[in-house]
Amino acid sequence: MEGLLLPSIADVSVLSLDVSHEAIRIYVCRTTAGAACPDCGSESTRVHSSYVRFPADVPSGGRLVVLQLRVRRFFCPDSSCARRTFAEQMPGLTRRHSRWTERLRSTLAAVGLALAGRAGARMARAFGVSISRSAVLRLLDALPEPEIPAPRVVGVDEYATRKGRVYGTVLVDVETRRPVDLLPDREASSLAAWLAKRPGIEVVCRDRAPFFAEGATAGAPQATQVADRWHLWHNLGEAAERAVARHRPCLRVLVPDLEGKADEPAPPEEKADSPWRSERFANRVRARHATVHALLEAGHSRRSIGRQLNMTHRTVKSLADAAKPEDLFRGQWQHNRTSVLDEYKPYLDERWDDGCTNAWKLWEEIVPLGYRGSYGRVSAYLREKRTSPRPVTAQPPAPRVVTRWILSRPEKLTEIERLRLKTILAACPELDALTGHVRSFAHMLTERQGERLPQWLDAVRQDDLPSLHTLAAGIDRDRDAVIAGLTLPWNSGVVEGHVNRIKMLKRQMFGRAGFALLRKRVLLAS
């Protein structure tokens with residue numbers, strides 16, 4: 001029992017053990033004859049006085065563990081020492097001014113690393129230690145910096161402390177998969193200064209951000225820079241989607257020609273004597289009009305009619321003043337009502353047939369053409385087309401869908417998707433060339449054939465694909481790093497994982513942690 005409750009420490013003996021319902025008290029004393037001065041190191045055996053300390057230890061069996069420790073105060077034998085007296089400490093058990101044992105302190109620090117302040121304090125109270133969130137944070141601040149050997153292969157990426165505004169830099173040892181440091185910004189000068197202090201770095205894995213490229217070149221000119229393969233494939237996907245969107249009319253080859261538009265069932269015609277668009281509304285108005293006039297002929301007043309039919313005075317007046325129900329039609333129920341949108345409906349229908357169904361985008365397109373109406377009118381018109389029971393027109397596939405077909409392995413596509421993609425490529429030479437370039441790059445990436453990159457860039461420039469030309473120009477500016485990324489086994493995948501972990505730690509502290517605390521948790525809790 002004593003060995004479980006108290007770690008084995010030299011020169012310390014347990015005198016007695018008191019186990020109660022709420023707490024466990026251990027009476028401990030020091031067995032050595034003297035102690036060394038903490039300032040000058042002189043050994044002293046002259047006792048000045050003694051007193052009792054009560055440091056708390058890690059709870060055991062759901063009960064508090066308290067040490068009743070008798071310690072002595074000694075005279076310092078060195079007359080030149082500024083410390084006249086000093087209290088003996090027990091290494092591994094106590095420290096100056098502490099009311100916790102070293103074992104409890106390390107346990108609370110581990111809880112703080114995992115959960116930070118508030119959550120850490122709640123967890124500590126759950127296993128029987130009362131501590132404030134500020135005390136948990138002070139324990140974290142007191143932890144020493146980790147001693148991490150200089151990495152040979154380092155990965156660098158950015159993380160957001162305030163998304164879109166404030167960014168920092170995380171550096172990871174790719175070989176051990178452990179973070180080695182955090183920088184408070186993402187400036188090239190900060191990265192260069194960090195790399196310059198570690199001349200043993202041989203490989204720098206990064207994305208294609210210019211500030212990381214400049215910092216790696218300035219701080220570690222001897223290192224090989226490796227562009228991340230995932231970012232290269234992601235950039236190619238974005239360029240391919242822009243190219244497909246540029247050839248959106250070519251996607252309509254999958255839409256069958258609706259020659260039988262005249263054969264479509266015509267909407268039911270309204271009765272010739274009905275001025276309203278809705279026959280149901282017309283019948284309701286006719287019935288209310290007949291009821292009101294029947295009551296008027298029976299001698300009822302308008303006020304009495306309103307009470308009987310639960311109508312307002314204005315409604316009764318409009319029905320009573322109208323000689324026939326047809327005199328009441330107005331506003332949205334009127335047939336052939338003119339609208340400021342009428343002259344722009346052919347344009348909207350044409351864009352709808354092209355596959356653009358976003359009401360806000362179409363409203364922005366017709367405003368420069370002279371439209372002065374509201375966005376709501378455009379949205380209502382498109383909503384009517386969207387919810388119409390009759391198909392307005394067959395919709396071509398979205399550019400993003402076609403891009404997914406192009407970026408996917410052919411064997412992963414369904415038979416219908418392969419046939420539809422084949423039809424599109426047969427009708428559009430540019431998209432056929434795009435597909436060839438994408439699959440060539442995919443083969444080069446998966447087979448690690450980076451030496452083929454110059455030939456791929458030359459082939460891209462020979463086709464009319466402006467979005468791929470922009471991508472090729474960016475790759476050409478960073479050609480050496482891209483070739484290394486398509487050839488060497490290193491990549492930034494482990495760095496992306498740590499970026500996600502930093503997001504979790506940052507949100508766990510509800511955005512109230514400073515850079516120093518975040519850095520401490522990232523480096524020590526991994």
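The values are calculated or read from the model by the stated rules, or taken from the named source; none is laboratory data. Since this is a predicted model, take the numbers as computed values, not measurements. Reconstructed Cβ throughout: ideal geometry from the backbone, glycine too, with neighbour counts over all protein chains shown. Note: accessible area is taken over every heavy atom of the protein model, side chains too, but ligands, DNA and RNA are not part of it. Shrake-Rupley method; radii C 1.70, N 1.55, O 1.52, S 1.80 Å.
Residues that are more than 54 Å from the chain's Cα centre (by Cα) and either open to solvent by 60 Å² or more (accessible area, probe 1.4 Å) or in contact (Cβ under 8 Å) with a residue 60 or more places away in the chain (or both) within the range 75-100 comprise 75, 77, 79, 80, 82, 84, listed in sequence order. Counting only residues that are assigned to a strand (DSSP E or B) and farther than 17 Å from residue 93 by Cα, the range 51-69 holds 1 of them. Per the conditions (1) in contact with a Leu (Cβ under 8 Å, 6 or more places away or on another chain); (2) free of Cβ contacts under 8 Å to residues at least 40 places away in the same chain; (3) under 28 Å from residue 182 (Cα atoms), the sole criterion not satisfied by residue 472 is (3).
Of the helices (runs of 4 or more DSSP H) contained entirely in the range 446-526, those carrying at least 2 residues that are in contact with a strand residue (DSSP E or B) (Cβ under 8 Å, 6 or more places away or on another chain) and among the β-branched types (Val, Ile, Thr) fall at 493-508. Within the range 188-198, one or more residues are in a helix (DSSP H, G or I), open to solvent by 80 Å² or more (accessible area, probe 1.4 Å), among the polar types (S, T, N, Q) and without any contact (Cβ under 8 Å) to a residue 60 or more places away in the chain. Considering (1) more than 36 Å from the chain's Cα centre (by Cα); (2) open to solvent by less than 40 Å² (accessible area, probe 1.4 Å), the lone condition that residue 402 does not fulfil carries the number (1). Taken over the range 138-173, the residue count meeting the criterion of being open to solvent by 50 Å² or more (accessible area, probe 1.4 Å) and part of a helix (DSSP H, G or I) is 3.
In a helix (DSSP H, G or I), open to solvent by 30 Å² or more (accessible area, probe 1.4 Å) and on the phi < 0 side of the Ramachandran plot: which single residue out of 72, 103 fits that description? Let's see the steps before the verdict.
Values: 72 fails: in a helix (DSSP H, G or I).
After ruling out the rest, the residue left standing is 103.
Here residue 78 fulfils each of the conditions (1) touching a Ser or Thr at 6+ places or on another chain (Cβ under 6 Å); (2) part of a strand (DSSP E or B) apart from (2). Being under 52 Å from the mean Cα position of the chain (by Cα) and modelled with pLDDT under 90 is not true of residue 325. Only a single criterion out of (1) more than 30 Å from residue 138 (Cβ to Cβ); (2) of a type in the set (A, V, I, L, M, F, W, C); (3) touching a Leu at 6+ places or on another chain (Cβ under 8 Å) is not satisfied by residue 494, namely (3).
Filtered by the rule that a residue be open to solvent by 20 Å² or more (accessible area, probe 1.4 Å) and touching a residue at least 40 places away in the same chain (Cβ under 8 Å), the range 475-488 gives 478, 480, 488. Of the residues making up the range 106-131, those that are exposed (fewer than 14 other Cβ atoms within 10 Å of the Cβ) and not in a helix (DSSP H, G or I) are 127, 130.
No other residue among 365, 384 is open to solvent by 40 Å² or more (accessible area, probe 1.4 Å), within 17 Å of residue 249 (Cβ to Cβ) and of a type in the set (Asp, Glu) apart from 365.
Taking every residue in the range 438-462 that is over 14 Å from residue 488 (Cα atoms) and of a type in the set (Ser, Thr, Tyr) and pairing it with any residue that is open to solvent by less than 30 Å² (accessible area, probe 1.4 Å) and part of a helix (DSSP H, G or I), at least 6 positions away or on another chain, the pairs with Cβ-Cβ distances below 8 Å are 440/456.
Somewhere in the range 233-248, is a residue in contact with a strand residue (DSSP E or B) (Cβ under 8 Å, 6 or more places away or on another chain) and either part of a strand (DSSP E or B) or at pLDDT below 90 (or both)? There is no residue in the range 233-248 that is in contact with a strand residue (DSSP E or B) (Cβ under 8 Å, 6 or more places away or on another chain) and either part of a strand (DSSP E or B) or at pLDDT below 90 (or both).
Filter the range 81-100 down to residues that are of a type in the set (A, V, I, L, M) and part of a loop (DSSP other than H, G, I, E, B) and give me whichever is farthest from residue 135 (Cα to Cα). I'd like the intermediate steps shown before the answer.
From the range 81-100, those of a type in the set (A, V, I, L, M) are 82, 87, 90, 93; that's our starting set.
Imposing the further condition that a residue be part of a loop (DSSP other than H, G, I, E, B) reduces the set to 82, 90, 93.
Details: 82: 31, 90: 23, 93: 19 Å.
This residue is 82.
In the set (1) assigned to a loop (DSSP other than H, G, I, E, B); (2) crowded, with 17+ Cβ neighbours inside 10 Å; (3) modelled with pLDDT of 90 or more, the condition left unmet by residue 182 is number (1). In the set (1) surrounded by fewer than 19 Cβ atoms within 10 Å (Cβ to Cβ); (2) closer than 13 Å to residue 251 by Cβ, residue 373 fails one condition alone, (2). When residue 465 is tested against (1) more than 27 Å from the chain's Cα centre (by Cα); (2) open to solvent by 50 Å² or more (accessible area, probe 1.4 Å); (3) under 24 Å from residue 209 (Cα atoms); (4) in contact (Cβ under 8 Å) with a residue 40 or more places away in the chain, only condition (2) is not met. Selection of the range 283-317 for residues being modelled with pLDDT of 85 or more, under 30 Å from residue 377 (Cα atoms) and open to solvent by less than 50 Å² (accessible area, probe 1.4 Å) yields only 315.
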